[in-house]
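Quick notes on the structure that follows.
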Amino acid sequence: MGMRIGYGFDSHAFKAGVPLVIGGLPIEHPEGLAGHSDGDVLLHAITDALLGAVSAGDIGTFFPPSDPRWKGADSRVFLKTALEEVAVAGYKIVNVDTVLVMSKPKIVPIAGDMRERVAELLGVKPGDVGIKAKTPEGLNQDGVAVAHATVLLES
Amino acid sequence: MGMRIGYGFDSHAFKAGVPLVIGGLPIEHPEGLAGHSDGDVLLHAITDALLGAVSAGDIGTFFPPSDPRWKGADSRVFLKTALEEVAVAGYKIVNVDTVLVMSKPKIVPIAGDMRERVAELLGVKPGDVGIKAKTPEGLNQDGVAVAHATVLLES
Amino acid sequence: MGMRIGYGFDSHAFKAGVPLVIGGLPIEHPEGLAGHSDGDVLLHAITDALLGAVSAGDIGTFFPPSDPRWKGADSRVFLKTALEEVAVAGYKIVNVDTVLVMSKPKIVPIAGDMRERVAELLGVKPGDVGIKAKTPEGLNQDGVAVAHATVLLES
Ligand SMILES: [Mg+2]
Ligand SMILES: [Mg+2]
Ligand SMILES: [Mg+2]
């Protein structure tokens, strides 16, 4: 049995009049996340953590932001590609842990739903996914959402 | 035997006239860390990494900042709760590695003491804890302390 | 068999008229990274992740920036020291995953070369190294390069 570790980071600025989707979960909020795709900062960080763990490049390798095909893209498509790369490399997910850093909306009340949604998209149990949140104390980042994700894989 | 990975992040702004405590270690410094609790940025990041590794929520789930009970709270209480969650889930700590990002005080001279303190609080050997520090070069974050923590657990 | 996890972070500001070296790879670019050493933000993050995984201090412990010996130093020297510490502790690298956060230059076109260079410096296969990149969307960090690195070791 072999194990592998991966780490992903992402950030997107908040923007009025755009739907907010984090971890594949639509969230009621006056602002969404700007980006070439749907701006799902959490799925992007997880996607990159999975790709990095099997040394398969990153989101930008597979889905260049310069390519109009990915304009407004559903980030679940990116995640699916990463899961295929993990499978092809002969690995499966042990667990995933994440942190969202954003001043609002509050994540605690929806963390359970988000965990279920992410677990479903990853094909793992909710108990194998960690969803955590922090406000960016002292960081002057109130208009942006940041996500960190770490994954452990086994063959 | 099963393994799990966790990652925690935290930040707190420096504030004059507050005692500075990092990793449970009181530090002589003209400023401390602002926060609802004692602002121990390192213990918060480790606590979240432990909770995330066993998918048990985050500090905010257990200790809402809106709850006056946790005003000025000793962060060792938060860590203790996370350690109980890890034990209940059937895991124990393999090792913990951390990075502090702050312009001052200098951490190198006190890193050994901090490592012993954190190890004691975690119930592991000092050699199973990594304490590292960086100044926030180019990041315009001189007035804030940031902590990253990663943990590896085994059942 | 035992396993260990490590995490490293680094940042350096861009500066005109300095050669740019990332992951040991010289890159054609009008600006390089400021720092006491050669400013190789990626090698610094990996070096710290390795040192942290075996609880051996950090770059600053071994190579104090106050020491004129390390002015303009080749960061491969730092990495070599970390690899020795890992070996002395009885561990070897399973895999390394990294993220570079910078607005430019574009990393995708050179990620393959960078991966080979880093793998060679670490003494592992390119398939055991992840090189990923993000632009700092919303973070107001266009003039700085940030690197995150995570490592998994086994004895
Ligand atoms: Mg993104
Ligand atoms: Mg905190
Ligand atoms: Mg550096």
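From the list A:20, A:33, the one residue that fits, being out of contact with any Cys (no Cβ under 8 Å at 6 or more places or on another chain) and within 13 Å of ligand 1 (Cβ to nearest atom), is A:33. The strands (runs of 3 or more DSSP E) falling completely within region B:1-90 that include 3 or more residues that are farther than 21 Å from residue A:108 by Cβ, of a type outside the set (A, V, I, L, M) and modelled with pLDDT of 95 or more map to B:3-16. A search for C-beta distances below 8 Å between a residue of region A:129-146 that is more than 7 Å from chain B (Cβ to nearest Cβ) and any residue that is within 16 Å of ligand 1 (Cβ to nearest atom) and among the charged types (D, E, K, R), counting only pairs 6+ apart in sequence or on different chains, returns A:144/C:137; A:146/A:10. Report, by residue number, each residue of region A:19-53 that is without any contact (Cβ under 8 Å) to a residue 24 or more places away in the chain and either open to solvent by less than 40 Å² (accessible area, probe 1.4 Å) or within 30 Å of residue C:112 (Cβ to Cβ) (or both). Across region A:19-53, the qualifying residues are A:32, A:34, A:35. For region A:112-124, residues that are touching a strand residue (DSSP E or B) at 6+ places or on another chain (Cβ under 9 Å) and either open to solvent by 50 Å² or more (accessible area, probe 1.4 Å) or facing another protein chain (nearest Cβ under 7 Å) (or both) total 5.
For region A:46-70, residues that are out of contact with any helix residue (DSSP H, G or I) (no Cβ under 6 Å at 6 or more places or on another chain) and more than 9 Å from chain C (Cβ to nearest Cβ) total 6.
Determine which single condition residue C:71 fails, assuming it passes every other condition in (1) open to solvent by 40 Å² or more (accessible area, probe 1.4 Å); (2) touching a Ser or Thr at 6+ places or on another chain (Cβ under 7 Å); (3) over 19 Å from residue C:3 (Cβ atoms). Of the numbered conditions (1) open to solvent by 40 Å² or more (accessible area, probe 1.4 Å); (2) touching a Ser or Thr at 6+ places or on another chain (Cβ under 7 Å); (3) over 19 Å from residue C:3 (Cβ atoms), the odd one out for residue C:71 is (2). All of (1) more than 9 Å from chain C (Cβ to nearest Cβ); (2) more than 16 Å from ligand 2 (Cβ to nearest atom) hold for residue A:100 with one exception: (2). Screening region A:11-45 for residues that are within 14 Å of chain C (Cβ to nearest Cβ) and among the β-branched types (Val, Ile, Thr) and picking the one that is farthest from ligand 2 (Cβ to nearest atom) gives A:18.
Residue A:86 satisfies every condition listed in (1) within 21 Å of residue A:130 (Cβ to Cβ); (2) open to solvent by 20 Å² or more (accessible area, probe 1.4 Å); (3) within 14 Å of chain C (Cβ to nearest Cβ) except (2).
Could you list, in sequence order, all residues of region B:91-111 that are in a helix (DSSP H, G or I) and either touching a residue at least 12 places away in the same chain (Cβ under 8 Å) or open to solvent by less than 10 Å² (accessible area, probe 1.4 Å) (or both)? Matches in region B:91-111: B:108, B:110, B:111.
The values are calculated or read from the model by the stated rules, or taken from the named source; none is laboratory data. Just so we're clear, the structure is a prediction, and the values are computed from it rather than from any experiment. Note that each Cβ is placed from the backbone with ideal geometry, even for glycine, and that neighbours are counted across all protein chains shown. Surface areas here come from the heavy atoms of the whole protein model, side chains and all, with no ligands, DNA or RNA. Shrake-Rupley method; radii C 1.70, N 1.55, O 1.52, S 1.80 Å.
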